[in-house]
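Since the structure comes first, as structure tokens, the remarks are kept for the end.
Here, each number is a calculation from the coordinates, and none is a lab measurement. As the structure is a computational prediction, the values presented were derived from the model and not from experiment. A quick note on method: Cβ atoms are made from the backbone with ideal geometry, for glycine too, and the neighbour counts reach across all protein chains shown.
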């Protein structure tokens, strides 16, 4: 059995590795000529960590991950701690640590594990043809690829999604802009072993430790789409949006390098219930594009990969049947993640000002139990418990 994997991102590479570990031949095709990951870093929560563990990447992941032992929320203006608690209860309950990692390093780890020389870059899909003997992928350079099945892991802007759904779906603007990047760890910004988030005015500023003595940072601001802002105006934009915020936020703005800081308008896609048509299956953002508000986008793609490989290796009623079993196991799970992220997005970013103010007040009373319980529920809903 041979699987064509379209997309060399986190989902596609996880799927290729998982399928090969299940004894299925794969070939990976990526549209771009050089991988440039979107976003500076990613938080891999224990459900995603367990998936990577099953792919044989346990030690490699730990080498990339930061030590995120605590979680804290700070008042936007004074910088005072609203709540701070250990993540150890979460680790004890779910049986694994969370690992924030630089996205480029995670991407390189996956590609190198699979075999960089085996990935075909600069292969942009133009057409998918299903026939009795399998699937043919046609590329813009005039070449084709043949397989028994095809996995569409070609991202939120998937060109294959239409072939599965039979209709176009529109991306939904979530209402805010995110700036993200990496800076050197500095205790004047935040503790080196803590996920620190400053909140207020429907905005947030967050820092997470990753490897090599770096913080992953991000700023969120509710804004209209399409503003004329880029790296040339980045520091002035952030200084304006965060005027009056606490000193660590001002120090962070001073410390960042606009040339390596990303500005992203955040979108998701309304959940849909069809991931499979015949021998073609959607995976990752192509199937369930979500906002990053609960940190589960990449983790969900890793879950897809593990479930897909399990379905194909554990069932003997044919490829189409196995893919439908994959779909059945993933549709509700991923719908839940997309909608949870959307709900958290709206509260965090002030869509209902009263709800957001109530959340700020709740944080002052938070002991960690409620926040961790929600995280554990999300994590334990994954395929590996």
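Averaging Cα coordinates gives a centre for the range 177-221 and one for the range 232-272; these two points are 11 Å apart.
Residue order for 336, 268, fewest other beta carbons within 10 angstrom first, comes to 336, 268.
Shape class for the range 8-107: oblate, because the ratio a/c of the largest to smallest gyration tensor axis (alpha-carbon atoms, square roots of eigenvalues) is 1.5 or more and b/c is at least a/b. Each Cα pair of the range 342-385 feeds into the Kirkwood radius, which the Stokes-Einstein equation turns, at 37 °C and 0.692 mPa s, into a diffusion coefficient of 279 µm²/s.
Sorting the segments 272-284, 16-28 by their residues' average number of neighbouring beta-carbon atoms within 10 angstrom, most packed first, yields 272-284, 16-28. Translational diffusion coefficient of the range 238-318 (Stokes-Einstein, Kirkwood radius from Cα pairs, 10 °C, 1.306 mPa s): 96 µm²/s.
Can you bin the range 52-148 into rounded, prolate or oblate? Criterion: square roots of the alpha carbon gyration tensor eigenvalues sorted a ≥ b ≥ c, rounded for a/c under 1.5, prolate for a/b above b/c, oblate for the rest.
The shape class here is prolate.
Between residue 80 and residue 228, what FRET efficiency follows from the Cβ-Cβ distance if R0 is 35 Å, with the result rounded to 0.05? For R0 = 35 Å, the calculated efficiency reads 0.50. Would you please classify the overall shape of the range 36-93 from the alpha carbon gyration tensor, given that a ≥ b ≥ c denote the square roots of the eigenvalues, rounded means a/c under 1.5, and beyond that prolate means a/b larger than b/c while oblate covers the rest? It comes out oblate by the Cα gyration axes.
The Cα atoms of the range 115-249 cover 64, 36, 26 Å along the three principal axes, with the biggest extent listed first. Using only Cα atoms, find the angle between the long axis of helix 10-21 and the longest principal axis of the chain, and express it within 0 to 90 degrees, rounded to the nearest 10. Here the helix axis deviates by roughly 50 degrees. The protection proxy used here, the mean number of other Cβ atoms lying within 10 Å of each residue, ranks peptides 194-205, 102-113, 250-261 as follows, highest first: 194-205, 102-113, 250-261. When only alpha carbons of the range 312-384 are considered, Rg and Dmax amount to 18.2, 55 Å.
Scaling the Cα radius of gyration of the range 232-385 by the globular reference 2.2 N^0.38 Å produces a ratio of 1.34. When 349, 288, 267 are arranged by Cβ crowding within 10 Å, least crowded first, meaning fewest neighbours, the order is 267, 349, 288.
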